[in-house]
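J.: Shown below is the structure under consideration.
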Protein chains: 2
Amino acid sequence: MEESWEFLRQLTREILDGGEVLTPGEKVIDFLHPEQLEERLDLNVSKEGSSREELLEACRTVIRYSLKTCHPMFLSRLYKGVDGYGLGGAWLTEALNTTQTTYEVGPAFTLVEKSVIQQLRTEAVGWDKGDGLFCPGGSLANMFAMALARHRACPEVKSRGMRAFQPLVCYASDQGHYSTKKGASFMGFGTDNVHIIPTDDRGRMIPEELDLAMRQDIEQVSYLSYFSLVYVTTVYLQLSTTCSEKYNSIQIFYNSYVVYIKTVAQGKQPLMVCATSGTTVLGAYDPLEPVGRVCRAHGVWLHVDAAWGGSVLLSRRHRGLMAGLAEYADSVAWNLHKMASSPLQCSLLLCRHETILVVQGLLFKCNANNAEYLFQEDKYYDTQYDTGDESIQCGRKVDAFKLWLGLKAHGMGGMEVLVDKAFETSRYLLKLVQTTEGFRPVLPEFECTNICFWYIPPSLRGLPEDDHFWNKMSKVAPEIKRRLVMEGRMLIDYHPITSKSMVNCFRVPLHCIPVPSAKDMDFLVAEIARVASDL
Amino acid sequence: MEESWEFLRQLTREILDGGEVLTPGEKVIDFLHPEQLEERLDLNVSKEGSSREELLEACRTVIRYSLKTCHPMFLSRLYKGVDGYGLGGAWLTEALNTTQTTYEVGPAFTLVEKSVIQQLRTEAVGWDKGDGLFCPGGSLANMFAMALARHRACPEVKSRGMRAFQPLVCYASDQGHYSTKKGASFMGFGTDNVHIIPTDDRGRMIPEELDLAMRQDIEQVSYLSYFSLVYVTTVYLQLSTTCSEKYNSIQIFYNSYVVYIKTVAQGKQPLMVCATSGTTVLGAYDPLEPVGRVCRAHGVWLHVDAAWGGSVLLSRRHRGLMAGLAEYADSVAWNLHKMASSPLQCSLLLCRHETILVVQGLLFKCNANNAEYLFQEDKYYDTQYDTGDESIQCGRKVDAFKLWLGLKAHGMGGMEVLVDKAFETSRYLLKLVQTTEGFRPVLPEFECTNICFWYIPPSLRGLPEDDHFWNKMSKVAPEIKRRLVMEGRMLIDYHPITSKSMVNCFRVPLHCIPVPSAKDMDFLVAEIARVASDL
C-alpha cells in the first residue's frame, strides 16, 4: 500500500502546484481528435501493471488534453469549475469512501445531509416541513419527482404497475428539459403521455395552454372504447327491440360491458406538471403562480425543475423569479453543481410533503423495499437515521458534504453575493451584445444568467433577413466555435432556436465560481469578432 | 480563490499525512449516537461564513467520527477502503470536474471509458461485441438492464408506456437483490410482476423452478378476463337459443367481445431473468448455464447481477463460478467498487448486443431522446464519441478513470492475484469458524468471499437446538456487534437467514484492497469470542 500512497502524494502535488488543473494558463483546452489522443495516451491495461512514473505520465497526458473547467473561458455548459472548499469536501468524501445508506457507515455524512437539506428547504425554498434527497443528477431527480407524484395519486402502482391504471399524463413546456420524456420512457408512462405545452416569446410556459391541455386529456376517451361503445350500443338497440322477452338479460349484458369498457379504456389522468425555473437554453422561468393555480384546480402535482435556475433562491434580489414555489410546488429539483458551483454531482430533490425523519414519509413509502439485510430494526442506534430506503438506489454516493463545506465557507450571505455577481456580469454581457456591432441578443429582455445571442459576420450584415440569410447564419456559430476550440481560446456552445427555425445561436451561461468578470465578457465578445472577421 | 486553494492544500496534507483516514489507527470507528455527534459538529451554515481554521476543525471532527473504511476491521459492507491509485484517479476526476456526456467536455475520459469497457467486456466477460455504460450504482445498473430487455421485447413501450402491453414479468431468486423489485415499482412493471424463484440449500436459484414459473405465467390469463368470458359465454348461449332470428348479429357481438378481452386482458409475458453471481448475504452463484438454457427456451433476456461477485471474472481460478455468462447472458452488472476495490461508485453495465460505437446501439435506441441543445450533429469532431444519450441520465459522473488507473497500476495479472488472495483468506476464515469452539458456518461449503457464521455463546452451547435456542441465538449477533462497535474494535454485520426463520448470523465479506490477511481473521474470531464470553 505504501507505494500507492506515494503515488497519490506525488499526483496530488502535481494537481495542487502544477497549476494546469486548478489555475489553468492560456488554453481552456488543447483539443485533439479521438484518434490523435489515442496515439498519445496508452489506454491499454497491461497484464503486469505500470510503474509509478508511467502512471504519473498517463495522468499528465490526461490533464494536458482535458478541458480546464476552472478556466474563465469554459462557457459551454451549465456546470463549471471548482474552488478549494468544494474540492476539499469532494476529496475528503472520496478518501473516506463510504455511502449514504445507513447512519453507521456515515454518521457525520448522514447528519450533514439531513442538516443541509433542512436548511435549504426552510431558508431557501420556504417549506417548514418536507423531505429531501440527493440524486445522481437532475434527470433522475426529475424522475424521482414523477415517482412521488405517481405514488401519491396511485399508491398501488408500486405493486400492480402502470397497466392497472388509466394513462397518467405529465406536462412540460416545449423549452423544458428532455428528462421528462426520458423518465416517461423509463418509468413506463410512455412519451405519448408527456404533453408538451407551448411557451411565450421569452420561452415561458403559457398557463392557459396548460389548463386547456389538461381539460382535453381528461375528456379524451380512447378511440378503441369509443368505437366499441358505438358498436355495442347499435347491437344493443337492435337486440332490445327484437328480443323483448330477453330484455333484462341483454340489458345486464350491456351494462356490464359498459362498466368494463369504462374501467379498461378510460380517459387520461393529468398527474404532474414539470415546470422549469431556468430553461436549458434561454434561461426562462415558467410563471409558477398561475401554473400552480392550474395544478391546484386539477389536483395535479407541481414539480419544478430548477436544476439550472434554482440558485436564485439564495439571492433576495433574484428569488422573485421563482415566486409561487413555496406556496404551490410539491417538489423541486435543484442542481447545486450548476450555478452554485458545488463539484459534480450535487442534485437535490426537495419535497414539501412530510419530513425525512418520519420514516414513513412519502419518499420512503414510494421507494422502500425493507431489505432485511441492510435495514435491520434490531440495531443499536436510532434507525430513523438510516435513509437508504428512501431512494431507488442502494448505495448512494455522498453528495452533501462538499456542498455543505462550500456553503459553510462562503456563508449564505457570501453565496448571495456570488449569485448576484453572476447576474450582474450577465447583464453586462447582454448590454455588450446589444451594443456591439454584429452581435444581436435572442431575447429582448434579461431573463437569467444564460445569455443567448447571434453574431452576424461582416459579409452578412445589412442583407435582407430572409430564409437564405438565416440559413447562412445557422452555420456561423458552429464555425466560430470550431475556430475558437482549435486555438484553445474558448469553449462556447451554440443551440438551435426553435422559434427561429432551428437557427444556431450562442449561449453563454454564467456561474458563481470562478467569479465571472466584465473583463472576461469583453474578451469573449472581442474573440468572437476576431475569429469571425473573414466570415 | 487563493484562500480556498490554501484551505485545500492544508486539508489535503491532513488527509495524506494525518494517518486517520488512509492508514487508521486502532479504532475502526469512534461511534457517537446522532444527538451526541450533533453536539460536537457545528452543522449550521451561517450567514457570514466560516474561517479556514473553523472549516479545518469541522473536517477534523468529520474525520474523527467517520467510519475508517480502510481499516482491516471494517467488515460490514460489500465495499471497503481505497488505495492510492484508485483515490488518485478519483481526486483527479473531481479536480477536473466534468461529465461523461460529450467528447469535447471530457476527451480523455471518453476514451478511457470506452477502452476500459471494451477491455473488461472482451477479456473478463468474453464478448467480442457489445455495449457498456457506467451507472450510478448497481441497483440502477440492474434497472437499466430491465429497460434494455423491455426495449428489445416491446420497443414501443418507449412511446406508448407499459399500459399498452401485457404484463411483463421479471424473475429473481429469493436470495437476489431487492433492486429488481425497486425497479419493478419505479419502471411501472409493478412488484406483483416480479416472480421470486426458490433457491437450493446453498442459496442458488433452482433452474427447474424457474422453468415452471415461466410456464405458469404464460398460461395465466387474468381473473377479470376469465370471469368476463364465462359470463359473456353464458349470456351468449342463452341469447343464441332464444333469439335465433338475430343469431348472426349476436355472434358478431360475441366474437368482437372475445377479441377485445383477449387483447386487453391477456396473460403474462416472461421478460427477463435477473440471475445473481454472488448473492448479498450468502455469496451464492446462480448456475448460469441451466438458467441460461431455460431463458433461451422461452426467449427471455438473461441479466446477471454480478454486483458483488463479478470480480471473479478477473481470476482464472475462480471465474468458473460464472460459467455460462459469455454464452447465455444478455447483460451483466458488475460493481467494481465492491470486491475489486475501486473507489465508490463504479458500477458497470455490460450488454452483449451491439457496440458502443454503433450510435444506434441498443442502449442508445432504448434511452435516446436526441436533445438538440446537447447532441448537435454539426460539430467539429466525430460525434459517435458523444455517449451521453445512451443513459437516462444527462450529465453522467466520470466513474471510469479511477477504475482504469487502479487496473493500470495493478495490471490484470495483479488484480488476479488480489482476487485469489481474497478467496484464500476467506477459505482460511471458513476453516477457522469450522474449527473454533462456539463458531458454526451457515453453509457447509465454500461459495464466495462472504463467509456467514453463527457464534454460539458459552451459555447456549450444548442446549437442544429448538425454537427457544434459535430465538436466543438471533439476539446474540446484534449484541456482539453493538459491543464491538462501542469499543471501536470492529464493524461487522449480521443478517437474518431466511432458511433459519430469520435467525441473525454474521456475514464477513472480503475484498481485494486493503489485502485481507490470516492474522486479521484470527483477530476477528478472537475478538468475537472475547466480547461474547459472558453471553
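The values are calculated or read from the model by the stated rules, or taken from the named source; none is laboratory data. Quick caveat: nothing in here was measured; it's all calculated off a predicted structure. Every residue, glycine as well, gets a Cβ built from its backbone with ideal geometry; the counts of neighbours run over all protein chains shown.
J.: Run A:HIS195 past the list (1) in a strand (DSSP E or B); (2) within 11 Å of chain B (Cβ to nearest Cβ); (3) surrounded by fewer than 23 Cβ atoms within 10 Å (Cβ to Cβ) and report the number of the one that doesn't hold.
T.: (2) is the only condition that A:HIS195 fails.
J.: A further question on this structure: Take A:ARG461 and decide whether it is touching a helix residue (DSSP H, G or I) at 6+ places or on another chain (Cβ under 6 Å) and basic (Lys, Arg). Explain how you work it out, then say what you get.
T.: Details: touching a helix residue (DSSP H, G or I) at 6+ places or on another chain (Cβ under 6 Å): no; basic (Lys, Arg): yes.
No.
J.: For the stretch A:335-356, which positions are facing another protein chain (nearest Cβ under 9 Å) and over 10 Å from the mean Cα position of the chain (by Cα)?
T.: Selection gives A:HIS337, A:PRO343, A:LEU344, A:GLN345.
J.: Quick one: which residue in A:GLU437, A:GLU465, A:GLU447 is among the acidic types (Asp, Glu) and either within 11 Å of chain B (Cβ to nearest Cβ) or within 25 Å of the chain's Cα centre (by Cα) (or both)?
T.: Numbers: A:GLU437 fails: either within 11 Å of chain B (Cβ to nearest Cβ) or within 25 Å of the chain's Cα centre (by Cα) (or both); A:GLU465 fails: either within 11 Å of chain B (Cβ to nearest Cβ) or within 25 Å of the chain's Cα centre (by Cα) (or both).
One residue alone meets the criteria, A:GLU447.
J.: Based on what the data block shows, is B:LEU56 crowded, with 22+ Cβ neighbours inside 10 Å, of a type outside the set (D, E, K, R) and either in contact with a helix residue (DSSP H, G or I) (Cβ under 9 Å, 6 or more places away or on another chain) or on the phi > 0 side of the Ramachandran plot (or both)? Write out each step before concluding.
T.: On the way: crowded, with 22+ Cβ neighbours inside 10 Å: no; of a type outside the set (D, E, K, R): yes; either in contact with a helix residue (DSSP H, G or I) (Cβ under 9 Å, 6 or more places away or on another chain) or on the phi > 0 side of the Ramachandran plot (or both): yes.
No: the conditions fail for B:LEU56.
J.: Sticking with this one: Could you run through the stretch A:459-502 and say how many residues are in contact with a Leu (Cβ under 7 Å, 6 or more places away or on another chain) and either without any contact (Cβ under 8 Å) to a residue 24 or more places away in the chain or among the small types (Gly, Ala, Ser) (or both)?
T.: Let us first name the residues in the stretch A:459-502 that are in contact with a Leu (Cβ under 7 Å, 6 or more places away or on another chain), namely A:459, A:469, A:472-473, A:476, A:479, A:485, A:490-492.
Still in the running and either without any contact (Cβ under 8 Å) to a residue 24 or more places away in the chain or among the small types (Gly, Ala, Ser) (or both): A:459, A:469, A:472.
The qualifying residues number 3.
J.: Go through (1) over 26 Å from A:LEU282 (Cβ atoms); (2) not acidic (Asp, Glu); (3) not in a loop (DSSP other than H, G, I, E, B) for A:LYS181 and report which single condition fails.
T.: Here A:LYS181 clears every test but (1).
J.: Taking B:LYS475, is it surrounded by 17 or more Cβ atoms within 10 Å (Cβ to Cβ) and either part of a loop (DSSP other than H, G, I, E, B) or on the phi < 0 side of the Ramachandran plot (or both)? Even if it seems obvious, please write down each step before you answer.
T.: On the way: surrounded by 17 or more Cβ atoms within 10 Å (Cβ to Cβ): no; either part of a loop (DSSP other than H, G, I, E, B) or on the phi < 0 side of the Ramachandran plot (or both): yes.
No: the conditions fail for B:LYS475.
J.: Quick check on the stretch B:104-135: of everything there that is among the hydrophobic types (A, V, I, L, M, F, W, C) and closer than 22 Å to B:ARG316 by Cα, which residue is nearest to the other protein chains (Cβ to nearest Cβ)?
T.: Start the filter on the stretch B:104-135 by keeping residues that are among the hydrophobic types (A, V, I, L, M, F, W, C), which leaves B:105, B:108-109, B:111-112, B:116-117, B:120, B:124-125, B:127, B:133-135.
Next, only the ones that are closer than 22 Å to B:ARG316 by Cα stay: B:116-117, B:120, B:124-125, B:127.
Details: B:VAL116: 7, B:ILE117: 11, B:LEU120: 9, B:ALA124: 11, B:VAL125: 15, B:TRP127: 17 Å.
Among those that are among the hydrophobic types (A, V, I, L, M, F, W, C) and closer than 22 Å to B:ARG316 by Cα, it is B:VAL116.
J.: Could you check the stretch A:79-96 and list, in sequence order, the residues that are surrounded by fewer than 24 Cβ atoms within 10 Å (Cβ to Cβ) and part of a loop (DSSP other than H, G, I, E, B)?
T.: None - no residue of the stretch A:79-96 is surrounded by fewer than 24 Cβ atoms within 10 Å (Cβ to Cβ) and part of a loop (DSSP other than H, G, I, E, B), so the list stays empty.
J.: Let me ask something else. If we scan the stretch B:498-514, do we find a residue that is crowded, with 19+ Cβ neighbours inside 10 Å, within 14 Å of another protein chain (Cβ to nearest Cβ) and among the charged types (D, E, K, R)? Full working, then the answer.
T.: Here is the first cut: in the stretch B:498-514, the residues crowded, with 19+ Cβ neighbours inside 10 Å are B:503-514.
Next cut, within 14 Å of another protein chain (Cβ to nearest Cβ) only: B:503-509, B:511-514.
Okay, now just the ones that are also among the charged types (D, E, K, R), so B:507.
Checked against the condition, which is being crowded, with 19+ Cβ neighbours inside 10 Å, within 14 Å of another protein chain (Cβ to nearest Cβ) and among the charged types (D, E, K, R), the stretch B:498-514 yields at least one hit.
J.: Can you go through A:VAL45, A:VAL28 and tell me which one is touching a residue at least 12 places away in the same chain (Cβ under 8 Å) and either under 30 Å from A:PHE523 (Cα atoms) or of a type in the set (Val, Ile, Thr) (or both)? Even if it seems obvious, please write down each step before you answer.
T.: Values: A:VAL45 fails: touching a residue at least 12 places away in the same chain (Cβ under 8 Å).
Matching residue, one of A:VAL45, A:VAL28: A:VAL28.
J.: Have a look at A:SER426, A:SER459 and point out the one that is assigned to a helix (DSSP H, G or I) and surrounded by 21 or more Cβ atoms within 10 Å (Cβ to Cβ). Before the answer, list the steps.
T.: Details: A:SER459 fails: surrounded by 21 or more Cβ atoms within 10 Å (Cβ to Cβ).
Criteria check complete, one pass: A:SER426.
J.: Tell me yes or no: at least one residue of the stretch B:7-18 is farther than 24 Å from A:GLU3 by Cβ, of a type in the set (A, V, I, L, M, F, W, C), without any contact (Cβ under 8 Å) to a residue 24 or more places away in the chain and assigned to a helix (DSSP H, G or I). Explain how you work it out, then say what you get.
T.: So in the stretch B:7-18, the residues farther than 24 Å from A:GLU3 by Cβ come out as B:7-8, B:10.
Narrowing further to those that are of a type in the set (A, V, I, L, M, F, W, C): B:7-8.
Filter again for without any contact (Cβ under 8 Å) to a residue 24 or more places away in the chain, leaving B:8.
When the remaining residues are screened for being assigned to a helix (DSSP H, G or I), the result is B:8.
Within the stretch B:7-18, one or more residues are farther than 24 Å from A:GLU3 by Cβ, of a type in the set (A, V, I, L, M, F, W, C), without any contact (Cβ under 8 Å) to a residue 24 or more places away in the chain and assigned to a helix (DSSP H, G or I).
J.: Let me ask something additional. Go over the candidates A:LEU407, A:LEU418, A:LEU403, A:LEU430 one by one and state the one that is facing chain B (nearest Cβ under 7 Å) and at pLDDT 95 or above. Steps first, answer last, please.
T.: On the way: A:LEU418 fails: facing chain B (nearest Cβ under 7 Å); A:LEU403 fails: facing chain B (nearest Cβ under 7 Å); A:LEU430 fails: facing chain B (nearest Cβ under 7 Å).
Checking each option against the conditions leaves just A:LEU407.
J.: Looking at B:VAL45, B:VAL62, B:VAL82, B:VAL21 in this structure, which one is under 25 Å from the mean Cα position of the chain (by Cα) and either within 14 Å of A:GLY84 (Cα to Cα) or β-branched (Val, Ile, Thr) (or both)? Walk me through how you get there before you give the answer.
T.: Numbers: B:VAL45 fails: under 25 Å from the mean Cα position of the chain (by Cα); B:VAL62 fails: under 25 Å from the mean Cα position of the chain (by Cα); B:VAL21 fails: under 25 Å from the mean Cα position of the chain (by Cα).
Just a single option satisfies the conditions, and that option is B:VAL82.
J.: Any idea which residue in the stretch A:22-76 is farthest from the other protein chains (Cβ to nearest Cβ), counting only those that are part of a helix (DSSP H, G or I) and among the hydroxyl-bearing types (Ser, Thr, Tyr)? Break it down into steps so the answer makes sense when it comes.
T.: From the stretch A:22-76, those part of a helix (DSSP H, G or I) are A:34-40, A:52-65; that's our starting set.
Add one more test, that the residue is among the hydroxyl-bearing types (Ser, Thr, Tyr), and what stays is A:61, A:65.
Details: A:THR61: 7, A:TYR65: 5 Å.
Among those that are part of a helix (DSSP H, G or I) and among the hydroxyl-bearing types (Ser, Thr, Tyr), it is A:THR61.
J.: Another question, if that's okay. Consider the stretch B:337-361. How many of its residues are touching a strand residue (DSSP E or B) at 6+ places or on another chain (Cβ under 7 Å) and at pLDDT below 70?
T.: Of the residues in the stretch B:337-361, 3 are touching a strand residue (DSSP E or B) at 6+ places or on another chain (Cβ under 7 Å) and at pLDDT below 70.
J.: Within the stretch A:78-103, can you find the residues that are under 24 Å from B:GLY19 (Cβ atoms) and more than 7 Å from chain B (Cβ to nearest Cβ)? Show your work before the answer.
T.: Filtering the stretch A:78-103 for residues under 24 Å from B:GLY19 (Cβ atoms) gives A:84-85, A:87-99.
Correct list: A:GLY89, A:THR93.
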